[in-house]
Amino acid sequence: MNDTQVMLGHGSGGSMMKRLIDEVFYKAYGSEELLTGDDAAVLALGGARLAFSTDSFVVTPHFFPGGDIGRLAVCGTVNDVATSGATPRYISCAMVLEEGFPMEDLLRICASMRDAAEEAGVVIVTGDTKVVGRGSGDGIFINTSGVGELAPGVNLSGAFCKPGDKVLVSGTLGDHGITIMSCREGLNFQADIQTDAAPLNHLIAAVLDAASHVRCFRDPTRGGLASTLNELAAQSGVDIEVSEESIPVKPAVLGACEMLGYDVLQVANEGKMVCVVAPDEAEAALAAMKSSAYGKDAAIIGEVCEISTPERGPRVSLKTTFGSKRVLDMLVGEQLPRIC
């Protein structure tokens, strides 16, 4: 590890974060379960198979159009557990509160977490509370962990993608990241832009019912779609090619990205899911996504390919609207700090 200190970019979801995980965390305590690199660990306990995941939320501001840090925390953990194909059951909640944080805001956040948990069908069963002195935090940080139950025969991983498989996304990209940035910087867009934070476990269950050969799910949070696809390509040792024309993006979000100089494919999402599925089941998986309240804008956006140049390794490429191709890299550095 050449870096001498932790930087914001190490939490970006991009290449700096990958280096931190690979060279620090994996080397220090990389168990077999951790080294799979998926969003949830699959664990055997007696005769049961469980999925387990944890996440921390430090977003600022704490409240934003369409949601708040509480809804984000529950939905984020539910979605990470659900990517394994498990049915999320239980969540823990640990809060780090700064002295002076308004009790009214805390009550509002807790109510939001309750509502999100009820929507997802999970129960918050345990937690922890710590209070730090004024100036030692940023109001509130939340850690949530989730446990889910895996049905027999369900076995998903980013390492299972095969050439010919189709790549789907459950809806429009960039909504959450641009919502946070517009709030943080006081930008006033004419169009209504709000977070996409949502529990997607029911959408995932519908896709699994419709398509028996789903390879994996992954939520494109920090680092956006570009970083997620690069992770999957590296895990499976494949190339992935997506079509810019097929990727759903709201015009207002695309316009905001162009104005701010962001690549919308590297902007964070909190209520979208990437799915890789066998080619003959892609249409069935798409129909299942569209049947969900959170999947009406779902689309097939590309496919998995053989590595065209073995010596250079896996690559993700984008076929542009002009007919050319460009490499779609992982996010480098920190584009939008503390968006979740």
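Derivation of every value follows stated rules applied to the coordinates shown; laboratory data play no part. These numbers were taken from a predicted model, which means no experiment stands behind them. Counting neighbours? That spans all protein chains shown, and the Cβs are built from the backbone with ideal geometry, glycine included.
Some points to look at:
- Expressed in Å, the radius of gyration and Dmax of the Cα atoms of the range 1-88 are 15.5, 45.
- Residue pairs, from the table K162/K319; K272/K319; K272/K296; K18/K296, whose Cα atoms sit over 23 Å apart: K18/K296
- V332-Q5 pseudo-label distance in nm [points 7 Å out on the Cα-to-Cβ vector]: 2.3 nm
- Net length gained if the chain between A151 and S31 were fully extended (0.36 nm per residue, minus Cα distance): 40.9 nm
- Alpha-carbon Rg/Rh ratio, for the range 42-130, with Rh computed the Kirkwood way: 1.01
- The gain in end-to-end length when the T320 to T126 segment is fully stretched comes to 65.1 nm, 0.36 nm per residue minus the alpha carbon separation.
- Anisotropy class of the range 253-334 from Cα gyration tensor, a/c 1.5 cut: oblate
- The chain: most fluctuating residue of A211, A111, A285 per GNM, C-alpha cutoff 10 Å: A111
- For the chain, calculated [θ]222 nm from helices alone, where every DSSP H run of n ≥ 4 adds -39500 (n - 2.57): -8500 deg cm²/dmol
- Considering only the chain, percent of DSSP beta bridges that pair antiparallel, nearest 5: 75 percent
- Extension gain, S243 back to R134 (0.36 nm per residue minus Cα-Cα distance, nm): 34.4 nm
- Remark on the range 203-340: Rg and Dmax equal 15.1, 43 Å (Cα only).
- Here is the tail figure for the range 102-255: Cα pairs spaced more than 27 Å apart come to 42 percent of all pairs.
- Gyration tensor (alpha-carbon) shape descriptor, the range 142-229, a/c threshold 1.5: prolate
- Label sites at A44 and R89, each approximated as a point 7 angstrom past Cα along Cα to Cβ, lie 1.8 nm apart.
- Once the Cβ-Cβ distance of E283 and R19 is raised to the sixth power relative to R0 = 30 Å, the FRET efficiency obtained is 0.20.
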